[in-house]
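One structure is given here, and the rest of the page talks about it.
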Amino acid sequence: MKRQSFIKKIVLRFRLMRMPTAVTCVIIIALAFSACQSKPLEKEAEMKSTDSTVEGTPVTVAHIQSGAMDETVEVNAVSSFLLKTYVKANANGYLQLVNAQLGKYVSKGQDLFIIKTKEAQSLGNTVTSLDTSLHFDGVIHIKAPGSGYITQLTYQAGDYVQDNEQLAVITDTKSFVFLLDLPYELKPYLPNNKNVQLKLPDGSILDGYVDAALPVVDAVSQTQNYVIKVKTDKQIPENLIAKVSLVKKAKQNTVSIPKPAVLTDETQSQFWVMKLIDSTTAVRVPIQKGMETNTSVEILSPKFSPGDQILVTGNYGLSDTAKVAVQNNVNE
């Protein structure tokens, strides 16, 4: 109504001034258009000013967690065969037959090599032709001294070998173990970790038992090897590295929060969290840490209630009291 009365006054003035009708119409249209556009612009400006006052830092929150918690350390264990049998030649001669292949499983007593002595190779059938009762052929059969897989093969058929020369190596499958590479400072935790689980690179898990310790410590890394015996039907190759988790400390009733919720200073001497006190305000709360895992941190003080909400993301760099906009709840 006010804009219409204003336009009427302008039109009346133009008439009194005796301006041409065409000019009057152009001025009236321009005034009407500006009046229509001003109101939406005012509303848009008002909405922007309102939004800027309400918006806060986008964050996500999580509730306080309670329950059992343990602190672990991860070490390596390497697969190994403790017992290896060496197949050796027992005479000088030529290999007529090699019944062995790398990676092949052989049984105890199985023929692996046939050697024809150099004397038989040189004389041929001369001795037999002189005396047929001798049945001399100069052939020697070498059998597998134990069962297992052939991991090393030195010669092939037709090669000349000498007495007591190594021909092959057989690993005893019954001696298969994992050797735990344990730093010496972690030795006090071993009595409570006799039964362990080994995580293989393919994701499978084997149950094992820590048996004996080898009486040698590596001079450089100061680690000692412990034998872990496992029961499995899988064919596991030698020198495969598995992961073993040893429990250092365990508690049944703990109060903890997700690890990203804990903030610290540059010297890592002070720790705090950002706690939500209402729907849009978070305040800084100093804490004292306890045990830590890969995902959680134990809170020794202060005492939080289960309903408290702690900022997990978007908390870095916030002031002691900050306006926030909760996006979602991590626990949901």
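The values are calculated or read from the model by the stated rules, or taken from the named source; none is laboratory data. Remember, it's a predicted structure, so these values are computed and weren't measured experimentally. Neighbour counts run over all protein chains shown; Cβ positions are idealised from the backbone, glycine included.
Take GLY290 and decide whether it is farther than 13 Å from ALA261 by Cα and either hydrophobic (A, V, I, L, M, F, W, C) or surrounded by fewer than 17 Cβ atoms within 10 Å (Cβ to Cβ) (or both). So GLY290 fails the test. For the subset of the range 217-275 comprising residues that are closer than 30 Å to PRO188 by Cα and of a type in the set (Lys, Arg), which member is nearest to the chain's Cα centre (by Cα)? The qualifying residue nearest to the chain's Cα centre (by Cα) is LYS243. For the range 271-278, state whether one or more residues are outside any loop (DSSP other than H, G, I, E, B) and closer than 30 Å to ASP181 by Cβ. Checking the range 271-278: not a single residue is outside any loop (DSSP other than H, G, I, E, B) and closer than 30 Å to ASP181 by Cβ. LYS243 satisfies every condition listed in (1) in a loop (DSSP other than H, G, I, E, B); (2) among the charged types (D, E, K, R); (3) in contact with a strand residue (DSSP E or B) (Cβ under 8 Å, 6 or more places away or on another chain) except (1).
The sole residue among THR223, THR295 that is assigned by TED's automatic domain parsing to the domain that holds ALA62 and not small (Gly, Ala, Ser) is THR295. Would you confirm whether any residue within the range 203-216 is out of contact with any strand residue (DSSP E or B) (no Cβ under 8 Å at 6 or more places or on another chain), part of a loop (DSSP other than H, G, I, E, B) and of a type outside the set (Phe, Trp, Tyr)? Yes: one or more hits.
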